[in-house]
Amino acid sequence: MSEVAITAGALARKVGSLLSAERTAAILADLVRARGQNPQDGEAVVADFVAQFLERRGLEVERQEVLPGRDNILGRLRGTGGGPVLAFNTHMDTVPEGTGWTHSPFAGELVDGRLFGRGSADAKGPLAAFLAAIEALVESGIRLRGDLLMTAVVDEETSSRGARKLVPSIHADMALVGEPTSMHVGIAHRGSLRPVLVVNGRTAHSSRPEQGINAIYQSIPVLVAFLAYAERIRERKHPLCGSPAAAITMMSAGVAENVIPGRCEMTFDRRMIPGEVEADVIAEIEGVLGDVRRSRPDVDVAIDHMLATTGSASELEAHHPLVELAVASATTATGKRAAIVGLSGACDMTHFRSHGVPCVVLGPGDSAQAHQPDEHIDVRELNQGALAYSLVALGACGHG
């Protein structure tokens with residue numbers, strides 16, 4: 001990582017001269033027009049765009065099938081040898097467009113320096129910045145020593161099946177995940193766990209409710225217990241990610257308006273902070289259910305199954321050289337000191353860290369825009385992201 005000082009000078013100017021907000025925004029506009037809503041669209045159109053873009057810049061491109069018609073894209077910019085391998089990583093899928101838009105969600109409309117569209121911040125903005133950075137590096141003629149591996153994955157917005165398949169299949173000495181961080185450097189993020197709880201009762205005709213056991217009513221002590229549990233765990237603190245969180249987010253019961261419900265399902269969303277382990281959290285949840293059953297033996301409640309999520313919480317130590325490089329690169333690109341931050345949501349950093357790969361999260365865009373109507377990104381910051389990514393590659397892989 002001793003390249004940082006050099007990178008921040010002459011090489012930064014050389015690569016920066018090949019980047020422009022107009023070009024990076026044009027790449028993003030094309031990506032926004034390539035629909036990738038998860039699950040209804042899949043990522044095939046986006047994947048084709050990314051693969052062709054990388055092939056035209058001379059990268060070695062590989063498709064990795066994750067699900068039928070849903071491929072991860074891997075592009076290798078081969079180095080001269082002797083340097084570390086850096087993986088750029090982000091996802092190609094977006095959440096569905098939703099409602100409430102005043103701009104077209106798939107037109108890539110540019111208004112007053114902001115580009116609108118679903119995924120413009122999360123995470124096609126970082127993807128466009130990665131592609132622009134690679135284009136500039138290739139055009140600069142600067143040869144990296146280590147390989148630069150561009151990885152664009154599917155399914156991050158639901159259960160990260162793309163990253164789960166990708167990471168064990170590649171060799172990377174370090175990784176940079178592109179998510180909207182307002183150009184600050186994320187070294188920690190919360191994780192998620194979602195058990196589905198089932199309260200069993202007994203159905204009956206609603207004209208004779210005394211003959212049944214109403215599963216909705218039986219769920220009340222469960223709700224009260226988990227509300228208290230959510231308050232208790234707020235006392236735990238992580239210096240960057242804050243406190244864990246817990247909430248019942250969905251309930252489903254009843255088959256007809258004239259039938260006493262015999263089953264009530266509840267989805268419990270548990271956000272974990274770094275240091276919390278899934279097995280321990282599941283044991284805590286089982287403990288809450290055990291307390292309910294002991295205080296109310298008539299309540300039949302249990303975990304029915306677990307929903308897939310992006311994954312566990314993770315973090316990288318703040319003094320790691322990759323963190324120092326990312327902070328220096330983002331600071332150079334923006335002209336403002338980049339902060340070290342924690343992310344409230346989960347991301348694919350967790351899969352790199354679970355395989356021992358040092359990893360940080362960095363990208364243009366405001367995370368508050370994610371999943372919102374009229375999602376947008378500032379194109380100046382978008383281009384700063386491309387410059388920062390270029391500088392990380394130069395510093396991490398080595399050059400010359």
Having 2 or more residues that are of a type in the set (Phe, Trp, Tyr) is the bar; report the helices (runs of 4 or more DSSP H) wholly within segment 1-81 that clear it.
-> 44-56
Can you name the number of the only condition in (1) under 13 Å from the mean Cα position of the chain (by Cα); (2) among the aliphatic types (A, V, I, L, M); (3) surrounded by 22 or more Cβ atoms within 10 Å (Cβ to Cβ) that residue 95 fails?
-> (3)
Looking only at segment 254-303, and only at residues there that are more than 30 Å from residue 317 (Cβ to Cβ) and of a type in the set (Lys, Arg), the one that is most open to solvent (accessible area, probe 1.4 Å) = 294
Taking only pairs six or more apart or across chains, which ones have beta-carbon atoms under 6 Å, a first residue in segment 214-228 that is over 13 Å from residue 301 (Cβ atoms), and a second residue that is crowded, with 18+ Cβ neighbours inside 10 Å?
-> 214/201; 214/260
Check every one of the strands (runs of 3 or more DSSP E) wholly within segment 110-205 and list those with 2 or more residues that are over 29 Å from residue 275 (Cα atoms).
-> 114-116, 148-153, 191-200
Does segment 327-335 contain at least one residue that is part of a loop (DSSP other than H, G, I, E, B) and touching a helix residue (DSSP H, G or I) at 6+ places or on another chain (Cβ under 8 Å)?
-> no
Number of the exception - residue 106 against (1) more than 22 Å from residue 326 (Cα to Cα); (2) in a helix (DSSP H, G or I); (3) open to solvent by less than 40 Å² (accessible area, probe 1.4 Å) | (2)
Show the residue pairs that are 6+ apart or on different chains and have beta-carbon atoms under 8 Å apart, the first residue being within segment 56-80 and over 21 Å from residue 143 (Cα atoms), the second being open to solvent by less than 30 Å² (accessible area, probe 1.4 Å) and among the acidic types (Asp, Glu).
-> 66/155; 67/155; 70/43; 70/155; 71/43
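This table checks each residue for (1) over 23 Å from residue 27 (Cβ atoms); (2) crowded, with 22+ Cβ neighbours inside 10 Å; (3) at pLDDT 95 or above.
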position: 337; (1), (2), (3): yes, no, yes
position: 342; (1), (2), (3): yes, no, yes
position: 345; (1), (2), (3): yes, no, no
position: 353; (1), (2), (3): yes, yes, yes
position: 361; (1), (2), (3): no, yes, yes
position: 375; (1), (2), (3): no, yes, yes
Kindly indicate whether any position in segment 322-332 is open to solvent by 30 Å² or more (accessible area, probe 1.4 Å), over 20 Å from the mean Cα position of the chain (by Cα) and within 24 Å of residue 120 (Cα to Cα).
-> yes
Taking segment 214-242 as the region of interest, how many residues are open to solvent by 20 Å² or more (accessible area, probe 1.4 Å), of a type in the set (Ser, Thr, Tyr) and assigned to a loop (DSSP other than H, G, I, E, B)?
-> 0
Residue by residue through segment 285-303, note down the ones that are under 13 Å from residue 266 (Cβ atoms) and in a strand (DSSP E or B).
-> 301, 302, 303
For residue 365, are the conditions met, namely being over 18 Å from residue 190 (Cα atoms), open to solvent by less than 20 Å² (accessible area, probe 1.4 Å) and out of contact with any helix residue (DSSP H, G or I) (no Cβ under 9 Å at 6 or more places or on another chain)?
-> no
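One line per residue, one yes/no per condition, for (1) surrounded by fewer than 24 Cβ atoms within 10 Å (Cβ to Cβ); (2) farther than 22 Å from residue 51 by Cα; (3) not aliphatic (A, V, I, L, M):
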{"residue": "131", "(1), (2), (3)": "no, no, no"}
{"residue": "151", "(1), (2), (3)": "no, no, yes"}
{"residue": "185", "(1), (2), (3)": "no, yes, no"}
{"residue": "198", "(1), (2), (3)": "yes, yes, no"}
Residue check for residue 116: closer than 19 Å to residue 52 by Cβ and either touching a helix residue (DSSP H, G or I) at 6+ places or on another chain (Cβ under 7 Å) or buried (at least 19 other Cβ atoms within 10 Å of the Cβ) (or both) | no
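The values are calculated or read from the model by the stated rules, or taken from the named source; none is laboratory data. What you see is a predicted model; the values in this text were computed from it and never measured. Neighbour counts are summed over all protein chains in view; Cβ atoms, including those assigned to glycine, are modelled from backbone coordinates with ideal geometry. Ligands, DNA and RNA are stripped out before the accessible areas are found, and what is left, the full protein with its side chains, is counted by its heavy atoms. Shrake-Rupley method; radii C 1.70, N 1.55, O 1.52, S 1.80 Å.
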